[in-house]
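Trainee: Starting off with a structure, shown below.
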Amino acid sequence: MKKFNIRKVLDGLTAASSSSSTTAQPGTPRENDVVQETLQSEHFQLCKTVRHGFPYQPSSMAFDPVQKILAVGTQTGALRLFGRAGVECYCQHESGAAVIQLQFLINEGALVSALADDSIHLWNLRQKIPAILHSLKFNRERITYCHLPFQSKWLYIGSERGNIHIVNVESFTLSGYVIMWNKAIELSTKTHPGPVVHISDNPMDEGKLLIGFECGVVVLWDLKSKKADYRYNYDEAIHSVAWHHEGKQFVCSHSDGTLTTWNIRAPAKPAQIITPHGKQPKDGKKPEPCKPILKVEYKTTRAGDPFMVLSGGLSYDTVGRRACLTVMHGKSTAVLEMDYPIVDFITLCETPYPNDFQEPYAVVVLLEKDLVVIDLGQIGYPIFESPYPLSIHESPVTCCEYFADCPSELIPALYSVGSRQKRQGYSKKEWPISGGNWGQGTQTYPEIIITGHADGSIKFWDASALMLQVLYKLKTAKVFERARGKEEKPSTDIVDEDPFAIQTLFWCPESRMLCVAGVSAHVIIYRFSKQEATTEVVQLLEVRMQCEFSEADSPDPGGEQTPTLPTSAASSSPQEAEPPNQLTAGVNSSEGARDNIPCLQVRSSPLKQSPGYQVELVVQLVWVSGEPPQQITSLAVNSSFGLVVFGNSNGLAVVDYVQKTLLLNLGTSELYSPSDPCQRQPRSPRKPRQPSGGFCDSNDGSNNSEDRCKSPTSGSTSPYNSDDERKQNFIEKAKMSRKISSSGEQKLDLDVSAPDAEDRSHRWSPWLCKWPVGSMKNGKLAARMTRKLNVHRTKSDPHRYGKDNAFTRSRSSSVTSIDRESREAISSFYFCESFPRKSGSLASPCLLVGTTQGSVMMVALSLQPGGDQKLQQPLSFASCGTLVHLKGGILTMALLDAAGTMLPPSCEAWYDPNASDEEKEKEKTRRRRPATPPSSQEGQDSQFAVLCSEKQANVVAMPSQTSIYKHNITETSFVLRADVVQMAGAYCIACFCANGHIMTLSLPSLRPLLDINYLPLTDMRIARTFCFSNLGQALYLTSPTEIQRITYSQETCDNLQEMLSELFTPVETPEAPNRGFFKGLFGGGAQSLDREDLFGETAAGKASRSLAQHIPGPGSMEGMKGAASGVVGDLARARVALDERGQKLGELEERTAAMMASAESFSKHAHDMMVKYKDKKWYQL
């Protein structure tokens, strides 16, 4: 039966009331002219798909030796299950309590979890998404330890009070059999033994239970006689106990770093006491105490000495030493240092039977931030190479991008260069955790995730088919000199820690160009090459970005005078090559302010670049008059034109990375045309009103460097803020995270809205930029030419920046409140081929510029594609003024053609820059040329510009520049991330709001298609890393170590069950060890126990109902009955009911026959009695 879809109804209501939210502006095309939209609400559904990465804050671990599945529990109640490479599963306990212990029902496809809230849960792993079958919540006891014997259905649970309860895992009911602490210890003991820290049965006798109490008492309990056989006492507290497989000895680890070995029949004293890491005194005294040995495991082998593996136990004089795992094998002791503290470890053995030789082959070590598997079979104990993506957090993730349906040759290319980066020295054996099967996914398109990190590294991940595998790692810090010590740390750093951290990145999959911006105001452009190269000198371009105006023209020191254009825009072309000592001499002394100095020092020695991404150019912003450069907030690259553009709160700069030249350096206010009513004008220093779109922190230009680095999350409050503005909350700070501008400026409520396009007056502001050919040799710089631009822009229009000529910009290092209020940061860029003039009929290269104040401006580029033509023609830029003005900062921009298909920026196909000239010529002939610029007939629009801000979405028809659709996305919150994505063959806008809503809007009509309250913004990490991709895919960093992938595609949700991997696979349980003839004859083998006779309700009775409460899980039979629906479920229930009725009728018939036979017998006996006493008198009876 088809489900009723309320979203279709909502779509109808939305369409009926669209006049309130989505408004068609004047000039809207008639209904028959509108693009035919195919996306409907039924194409969308939101659900989580898979979680990648290391489990955050792990607390426990378990392993199924037959299924070969590893389970990890966390302090937040999460469960992560791992099998072979690509087999992962995530599930969550609703309570969110920490998982203190896990126990597999070996080879049964089930798992028992014990939580810190004193509840135990039974998970069904036979389904792709595990579900809880039963839960048991203890009311009067605190759970401390659990033990489930192999092939047993009775679970032992130790409590904080020292008692042991027994649970039937099939029904999850408590047995009436209880081992009380006062019966287990000696009657003469006056003190409480403490919590139960260990429970295990004797490997050779299931009827003997070993109970360890925290105080140091160990009890061997006879389950049949219900009394203690032996008690073993030691002065130090116990942390763990391990059996020898023959069941005659066991080993205890203690809090003073000692290991005691006991014979079960000699409880008086330990057979052996050793301190693995203690110094042995010569006089025979007791060794010095060491740190506690938290866990010990004792594993035997047939052909050699047993293994004893332990964690902890180091001496106290090893201050600062990292956590260690100790492996004792025969007379050798190996101490293996770990990078992080040890949470738990498990020794993997060949057999699941505890009464056989264990034959250990590996040790799984769970660390706080890593998972390590050690090979015990090779000399030196090498580790296995992990197939899981557990290194996401190797350095904290600072930014993230997601590319679905990218070119198919990218993943093999990245894998081929990344495979050479793999470490050596791993074990040659296969990964031992090899259970489960891959899903049968129908998605075949390639997906790539790129993560930027705090140490300056960038990782490329293959995310196809719900898997994640690292492809290639790029270290951007190699470009710079590293300070060897704190005393060598340069004073020009604007961040205290992580000066190489990646702030934002731009990647073009077609051309493989990569551009990254770091927190130290640097931009690095990379090209991809399959060949190794050595760069003698790293190409460097230093840019001086400032927003400075003066009353009169001022000459440029050491170069040509800056020409004053009649449109008030000053040229920013680079100066001709001059002696470096005149242009590059920076000031950095105690007497004068820092000036013309970059934050980082570029490497001066030759740089050997491996195959992969290789440095093309480094661009650095420099200090200006003692004021550090502002961090870069937006970035874009166009490979067809060889341009990179970046912007911050001072303005924007355009760099040609082919010629290593700065083409344009503008303040944000200079992008506005002189008569543009939307331009930002200085205001009097009055108390600003709080803007409707929320506000962000206002920082002084010389703010604390720590605040800069830790931005997206913090900022200092301006002294001009009102009391209401000081009461900022977390959500308001989150707004800054998406802009990645820690020094963002105070927003103003301008009460200015862009007028209709028909009323807008456009005055073009051209800047002419000629190539400095004289400084080039064969297209490359002859030497490391540092270009420091000291451009003083002029003010030719007295009415442009104020109502009078008295206002001038301060040159001091301090920034006034007027500066802060009038400054406007660049928030986004988009290269396109569109119509810069309203009356234009031929599209030309353009650059759309979005700002934090909601303005979208267009800059016309008179560029010719192809590097050879650019040397012969002058290049120029022209500002076309404001295209539109929206509420909130601009987040994303795109261009659609008349049919509603996205027009991507032109780009060239990739070619290897280190290839031979012949190969380059072949590649050039195969390069992708930009499509022929679309033309527009007179009076007709042929393009749609899609613009999305933190509050609104707008569609503008081009070239008429008419706003045809406008939608208010949110009134009470703001959008953190917005992307124009492809979905089911069409395009839409996907938005993630700070209030947790995920929304999609159709294009071009901006009709709401999806609006789900998914995830409230609880962490800045989510705001910083959330990103959408094509085909209904999205992701975010749900914890510092984990990536959560989600889908908003109905098709993907429908196919999710097939795509997910299977955890449980049918495997035969290994045969039990052979007891042998003589052991069977004389009773020397393992003794079995019928636990049902001891713990069942018949023998032990019922447990107290107040002790624990049984809660049926959603995956149990009760839950399945409640959730079952449809014809098949009804038929099954009817069949069961008929069977039960027939059975009851059969029983009734049998009872009726028995009653009839009984009645006949009674009648016969009555007749005989009557005949016997018929003729007798009463006195003869």
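Trainee: Can you find even one residue in the stretch 68-77 that is at pLDDT 95 or above and among the basic types (Lys, Arg)?
Mentor: yes
Trainee: Only residues that are open to solvent by 10 Å² or more (accessible area, probe 1.4 Å) and touching a helix residue (DSSP H, G or I) at 6+ places or on another chain (Cβ under 8 Å): list them for the stretch 178-208, please.
Mentor: 192, 206
Trainee: Output the number of the condition that residue 1023 fails; it satisfies all remaining conditions of (1) within 26 Å of residue 634 (Cβ to Cβ); (2) assigned to a strand (DSSP E or B).
Mentor: Status for residue 1023: all satisfied but (2).
Trainee: Looking at (1) modelled with pLDDT of 90 or more; (2) closer than 26 Å to residue 496 by Cα; (3) part of a loop (DSSP other than H, G, I, E, B), which is the only condition residue 697 fails?
Mentor: In the conditions (1) modelled with pLDDT of 90 or more; (2) closer than 26 Å to residue 496 by Cα; (3) part of a loop (DSSP other than H, G, I, E, B), residue 697 misses (1) alone.
Trainee: Only residues that are in contact (Cβ under 8 Å) with a residue 40 or more places away in the chain, among the charged types (D, E, K, R), farther than 14 Å from residue 1060 by Cα and open to solvent by 20 Å² or more (accessible area, probe 1.4 Å): list them for the stretch 42-101, please.
Mentor: Across the stretch 42-101, the qualifying residues are 42, 68.
Trainee: Mind counting the residues in the stretch 323-336 that are surrounded by fewer than 18 Cβ atoms within 10 Å (Cβ to Cβ) and over 12 Å from residue 381 (Cα atoms)?
Mentor: Qualifying residue count for the region: 3.
Trainee: Turning to a different aspect of this structure: Quick one: which of 1015, 1003 is over 29 Å from residue 882 (Cβ atoms) and either open to solvent by 10 Å² or more (accessible area, probe 1.4 Å) or not basic (Lys, Arg) (or both)?
Mentor: One residue alone meets the criteria, 1015.
Trainee: Residue under question is residue 989, and the condition is that it be assigned to a strand (DSSP E or B), within 17 Å of residue 889 (Cβ to Cβ) and more than 19 Å from the chain's Cα centre (by Cα); does it hold?
Mentor: So residue 989 fits the description; yes.
Trainee: Right, next: Quick one: in the stretch 272-302, which of the residues that are open to solvent by 60 Å² or more (accessible area, probe 1.4 Å) and at pLDDT 90 or above is nearest to residue 240 (Cα to Cα)? Walk me through it before giving the result.
Mentor: First, the residues of the stretch 272-302 that are open to solvent by 60 Å² or more (accessible area, probe 1.4 Å): 272-273, 279-280, 282-286, 288-289, 291, 294, 302.
If we keep only those that are at pLDDT 90 or above as well, we get 272-273, 291, 294, 302.
Values: 272: 16, 273: 15, 291: 14, 294: 7, 302: 25 Å.
Filtering the stretch 272-302 for residues that are open to solvent by 60 Å² or more (accessible area, probe 1.4 Å) and at pLDDT 90 or above, the one nearest to residue 240 (Cα to Cα) comes out as 294.
Trainee: So which of 92, 103, 127 ends up being in contact with a Leu (Cβ under 6 Å, 6 or more places away or on another chain) and polar (S, T, N, Q)?
Mentor: Sole residue among the options that is in contact with a Leu (Cβ under 6 Å, 6 or more places away or on another chain) and polar (S, T, N, Q): 103.
Trainee: Another one. If you take the residues in the stretch 303-322 that are over 26 Å from residue 248 (Cβ atoms) and open to solvent by 30 Å² or more (accessible area, probe 1.4 Å), which one is nearest to the chain's Cα centre (by Cα)? Step through it out loud before you land on a result.
Mentor: First pass over the stretch 303-322, keeping only residues over 26 Å from residue 248 (Cβ atoms): 312, 314-322.
Checking the rest, the ones that are also open to solvent by 30 Å² or more (accessible area, probe 1.4 Å) come to 316-317, 319-322.
On the way: 316: 38, 317: 39, 319: 34, 320: 31, 321: 31, 322: 27 Å.
Here the residue is 322.
Trainee: If you don't mind, another one. Count, please, the residues in the stretch 938-953 that happen to be under 31 Å from the mean Cα position of the chain (by Cα) and either part of a strand (DSSP E or B) or of a type in the set (Asp, Glu) (or both). Give the derivation first.
Mentor: At the first step, the residues of the stretch 938-953 found to be under 31 Å from the mean Cα position of the chain (by Cα) are 946-953.
Going one step further and asking which of them are either part of a strand (DSSP E or B) or of a type in the set (Asp, Glu) (or both), we end up with 946-950, 952-953.
Of the residues in the stretch 938-953, 7 are under 31 Å from the mean Cα position of the chain (by Cα) and either part of a strand (DSSP E or B) or of a type in the set (Asp, Glu) (or both).
Trainee: Next up: So is residue 141 in a loop (DSSP other than H, G, I, E, B) and open to solvent by less than 20 Å² (accessible area, probe 1.4 Å) or not?
Mentor: Here the answer is yes, as residue 141 does meet what is asked.
Trainee: Let me ask another. Applying the selection to the stretch 623-638, what residues are hydrophobic (A, V, I, L, M, F, W, C) and over 28 Å from residue 846 (Cα atoms)?
Mentor: Across the stretch 623-638, the qualifying residues are 623, 624.
Trainee: Within the stretch 247-269, is even one residue touching a Pro at 6+ places or on another chain (Cβ under 7 Å), open to solvent by 20 Å² or more (accessible area, probe 1.4 Å) and within 23 Å of residue 332 (Cβ to Cβ)?
Mentor: no
Here is a yes/no grid of residues against (1) outside any strand (DSSP E or B); (2) open to solvent by less than 10 Å² (accessible area, probe 1.4 Å); (3) touching a residue at least 60 places away in the same chain (Cβ under 8 Å):
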{"residue": "417", "(1), (2), (3)": "yes, yes, yes"}
{"residue": "420", "(1), (2), (3)": "yes, no, yes"}
{"residue": "434", "(1), (2), (3)": "yes, no, yes"}
{"residue": "440", "(1), (2), (3)": "yes, no, yes"}
{"residue": "449", "(1), (2), (3)": "no, yes, yes"}
{"residue": "460", "(1), (2), (3)": "no, yes, no"}
{"residue": "465", "(1), (2), (3)": "yes, no, yes"}
{"residue": "473", "(1), (2), (3)": "no, no, no"}
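Trainee: Right, something else. Taking residue 1100, is it open to solvent by less than 30 Å² (accessible area, probe 1.4 Å) and at pLDDT 85 or above?
Mentor: Answer is no for this residue.
The rows are residues; the columns are (1) in contact with a Cys (Cβ under 9 Å, 6 or more places away or on another chain); (2) modelled with pLDDT under 90; (3) among the hydroxyl-bearing types (Ser, Thr, Tyr).
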residue: 878; (1), (2), (3): no, yes, no
residue: 894; (1), (2), (3): yes, no, no
residue: 907; (1), (2), (3): yes, yes, no
residue: 915; (1), (2), (3): no, yes, no
residue: 942; (1), (2), (3): no, yes, yes
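Trainee: For residue 808, are the conditions met, namely being open to solvent by 50 Å² or more (accessible area, probe 1.4 Å) and either modelled with pLDDT of 90 or more or closer than 25 Å to residue 507 by Cβ (or both)?
Mentor: no
Trainee: Hey, among 388, 426, which residue is under 18 Å from residue 84 (Cα atoms), surrounded by 20 or more Cβ atoms within 10 Å (Cβ to Cβ) and of a type in the set (Ser, Thr, Tyr)?
Mentor: Within the list 388, 426, the selection yields 388.
Trainee: State all residues of the stretch 125-163 that are of a type in the set (Val, Ile, Thr) and at pLDDT 95 or above; if no residue qualifies, say none.
Mentor: Those that are of a type in the set (Val, Ile, Thr) and at pLDDT 95 or above: 132, 143, 144, 157.
Trainee: Here is a follow-up. Output the residue which, of all residues in the stretch 1041-1052 that are of a type outside the set (S, T, N, Q) and modelled with pLDDT of 95 or more, is nearest to residue 45 (Cα to Cα).
Mentor: That would be 1048.
Trainee: Given (1) over 41 Å from the mean Cα position of the chain (by Cα); (2) hydroxyl-bearing (Ser, Thr, Tyr); (3) open to solvent by 10 Å² or more (accessible area, probe 1.4 Å), identify the lone condition not met by residue 171.
Mentor: (1)
Trainee: Out of curiosity, is residue 479 touching a His at 6+ places or on another chain (Cβ under 9 Å), of a type outside the set (Ser, Thr, Tyr), in contact (Cβ under 8 Å) with a residue 12 or more places away in the chain and buried (at least 19 other Cβ atoms within 10 Å of the Cβ)?
Mentor: Here the answer is yes, as residue 479 does meet what is asked.
Trainee: So, one more: For residue 365, state whether it is under 23 Å from residue 392 (Cβ atoms) and of a type in the set (A, V, I, L, M, F, W, C). Please lay out each step first, then the result.
Mentor: Values: under 23 Å from residue 392 (Cβ atoms): yes; of a type in the set (A, V, I, L, M, F, W, C): yes.
So residue 365 passes the test.
Trainee: Among the candidates 132, 143, 164, which residue alone is closer than 30 Å to residue 1066 by Cβ and not basic (Lys, Arg)?
Mentor: Values: 143 fails: closer than 30 Å to residue 1066 by Cβ; 164 fails: closer than 30 Å to residue 1066 by Cβ.
Among 132, 143, 164, only 132 is closer than 30 Å to residue 1066 by Cβ and not basic (Lys, Arg).
Trainee: Output the number of residues of the stretch 400-409 satisfying the condition of being surrounded by 21 or more Cβ atoms within 10 Å (Cβ to Cβ) and at pLDDT below 95.
Mentor: Qualifying residue count for the region: 1.
The values are calculated or read from the model by the stated rules, or taken from the named source; none is laboratory data. Just so we're clear, the structure is a prediction, and the values are computed from it rather than from any experiment. Cβ coordinates were reconstructed from backbone atoms using ideal geometry, including for glycine residues, and neighbour counts include every protein chain displayed. Areas reflect the complete protein model, heavy atoms only, side chains present, ligands, DNA and RNA absent. Shrake-Rupley method; radii C 1.70, N 1.55, O 1.52, S 1.80 Å.
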